[in-house]
1. Between region 184-238 and region 120-136, what is the separation of their alpha carbon centroids in Å?
2. Which of Gly109, Gly36, Gly24 moves the most in a Gaussian network model of the chain with Cα springs under 10 Å?
3. Can you give the percent of C-alpha pairs in the chain whose distance is more than 29 Å?
4. Arrange the following residues from fewest to most other Cβ atoms within 10 Å of their Cβ: Phe169, Phe32, Phe185.
5. Which trypsin sites (Lys or Arg not before Pro) from region 138-207 combine a DSSP loop assignment with at most 16 other Cβ atoms within 10 Å?
6. Tell me, Met1, Met100 in order of fewest to most beta-carbon neighbours within 10 Å?
7. Assign unit charges at the C-beta atoms only (+1 for Lys and Arg, -1 for Asp and Glu), then state the dipole size of the chain relative to its Cα centre in Debye, rounded to the nearest 20.
8. Quick one: longest stretch of the chain between exposed loop GluC sites (Glu not before Pro), exposed meaning at most 11 other C-beta atoms within 10 Å and loop per DSSP?
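Please treat every number below as a calculation from the coordinates, not as lab data. All of these numbers come straight from a predicted model, not from anything done at the bench. Cβ atoms come from the backbone with ideal geometry, glycine included; neighbour counts cover every protein chain shown.
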Amino acid sequence: MSVTVRVPAKVNVQLAVGAARADGFHDLANVFLAVGLYDEVTVTPADELRITCAGPDAAQVPLDRTNLAARAALALAARRGIEPAVHLHIAKDIPVAGGMAGGSADGAGALLACDALWNTGASRAELLDICAELGSDVPFSLVGGAALGVGRGERLTGLDVGGTFHWVFAMAGRGLSTPAVFREFDRLAEGRAIPEPVASADLLDALAKGDADALAAAVSNDLQPAALSLFPELAGTLAAGRAAGALATLVSGSGPTTAFLTRDADSAAKVAEALHASGTCRTVRTAAGPVAGATVL
């Protein structure tokens, strides 16, 4: 017997970042939107815990117990007194180290798959609690749709979305470390007061109305200057998408994937084609959202 869970990527339509806390983390106001690029995690009983991975950039995925999928299986097993003797296979389609929560998606997917395989009877609240222990983005990967994350981003409030938003994602030629981007944010912020992070009322209203133009006017990412400082070439990708007619351009999360909001599927295809031809990125994908979170297939 095996269980397969499909879990989506995310884009941050707003990422407001507060000053560094005493524990080294930052308070966030993080507006997540789940989009239709997916990893699939399949869990099968085995003699011991092991991980395999296939798909684009699979060679970059760690196959030891640092992998969030393995950590999720171990965390659930520890809570239930179960031996975590499973084979976790990740079919990868979300960019690796791309700021789209691919690792977090795998953690949420593995957690839900192991819960189903072992029939633990864990409540949604318990699964979300484990997700929060694993990482700031993991709870949203479980929930999907659209949500505001506060604290480290792990405390979620679901958001209403009145329509479908069409995106183009440009993958860069190398990854960016999330901790390094936050360190650069802190360096760039030295000597100035950083306001408390709050969600934009205009952005939440645009999501609720399904208004792409209003959303384009409201998207923001406080980590974008830090990502561009560490990876200046991303500015060329953003400019190429803007020139191609994207309504809004931004670095996705901590990067280096860049995200381009478009009016509809046809516009997304045109922007994707122009970005591909621009030579400023490695690969280009289109996706729409919101979509459901981790789902047992």
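1. Region 184-238 and region 120-136 have Cα centres separated by 29 Å.
2. Comparing Gly109, Gly36, Gly24 in the GNM, the peak value goes to Gly24.
3. On the way: 14075 of 43956 pairs.
Tail fraction, whole percent: 32.
4. Numbers: Phe169 27, Phe32 30, Phe185 22.
Neighbour counts put them in this order, fewest first: Phe185, Phe169, Phe32.
5. Hits after loop and neighbour filter: Arg174, Arg192.
6. Taking fewest neighbouring Cβ atoms as first place, the list is Met1, Met100.
7. Values: 22 positive and 31 negative charges, 61 e Å.
Dipole of the chain, to the nearest 20 debye: 300 debye.
8. For GluC sites (Glu not before Pro) (loop position, at most 11 other Cβ atoms within 10 Å), the longest site-free span of the chain is 49-189.
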